[in-house]
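Participant: One structure, pasted below without further comment.
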């Protein structure tokens, strides 16, 4: 029986409420699933994955790696495409490091009980998101 060859690339779309962050063909993607990171290549079984805050990593046909920080959302995975519907997403090259560091410090102050406009829950969420953004920015 002859071996069938799988397509090496597939369509990746990363969409936030305000814009399309990325849309093109890629060779692979790694998603921050709520149960752990998930690697996807062409021909992956169809599934829907809930995403947690983390870094989406994808590789183009030339092997170049790219990174997108996300605050969570969902991903629909099919044989020839992956669609990420993110609550918030930024390519690592777009992240304002100074702003992310400022948000991180504000969240830390709120968690220490210092004067803040954030609730404890908001501070926990902001702390995690700022840490993800900073990590993604450093991966450029």
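The values are calculated or read from the model by the stated rules, or taken from the named source; none is laboratory data. Fair warning: this is a prediction, and the values are worked out from it, not measured in the lab. For neighbour counting, all protein chains shown are included, and Cβ atoms are generated from backbone atoms with ideal geometry for every residue, glycine included.
Participant: Tell me, which residue of region 94-112 that is within 19 Å of the chain's Cα centre (by Cα) and assigned to a helix (DSSP H, G or I) is farthest from residue 128 (Cα to Cα)? Working first, answer last.
Facilitator: Let us first name the residues in region 94-112 that are within 19 Å of the chain's Cα centre (by Cα), namely 94-97, 99-101, 103-104.
Right, trim to assigned to a helix (DSSP H, G or I) and you get 94, 97, 99-101, 103-104.
Values: 94: 18, 97: 15, 99: 14, 100: 11, 101: 12, 103: 10, 104: 8 Å.
Restricting to residues being within 19 Å of the chain's Cα centre (by Cα) and assigned to a helix (DSSP H, G or I), the top hit is 94.
Participant: Run down 124, 97 and say which single residue is surrounded by fewer than 16 Cβ atoms within 10 Å (Cβ to Cβ), in contact with a helix residue (DSSP H, G or I) (Cβ under 6 Å, 6 or more places away or on another chain) and more than 30 Å from residue 41 (Cβ to Cβ).
Facilitator: Numbers: 124 fails: in contact with a helix residue (DSSP H, G or I) (Cβ under 6 Å, 6 or more places away or on another chain).
It is 97.
Participant: Answer yes or no as to whether residue 68 is closer than 15 Å to residue 139 by Cβ and outside the structural domain of residue 124 (by TED's automatic domain parsing). Write out each step before concluding.
Facilitator: Details: closer than 15 Å to residue 139 by Cβ: yes; outside the structural domain of residue 124 (by TED's automatic domain parsing): yes.
For residue 68, the condition - closer than 15 Å to residue 139 by Cβ and outside the structural domain of residue 124 (by TED's automatic domain parsing) - is met.
Participant: Test residue 133 against the stated conditions and say whether it is over 20 Å from residue 13 (Cβ atoms) and under 14 Å from the mean Cα position of the chain (by Cα). Reasoning before the result, please.
Facilitator: Details: over 20 Å from residue 13 (Cβ atoms): yes; under 14 Å from the mean Cα position of the chain (by Cα): yes.
So residue 133 passes the test.
Residues checked against (1) buried (at least 18 other Cβ atoms within 10 Å of the Cβ); (2) within 18 Å of residue 134 (Cα to Cα); (3) touching a helix residue (DSSP H, G or I) at 6+ places or on another chain (Cβ under 8 Å):
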{"residue": "23", "(1), (2), (3)": "no, no, no"}
{"residue": "29", "(1), (2), (3)": "yes, no, no"}
{"residue": "54", "(1), (2), (3)": "yes, yes, yes"}
{"residue": "57", "(1), (2), (3)": "yes, yes, no"}
{"residue": "62", "(1), (2), (3)": "no, no, no"}
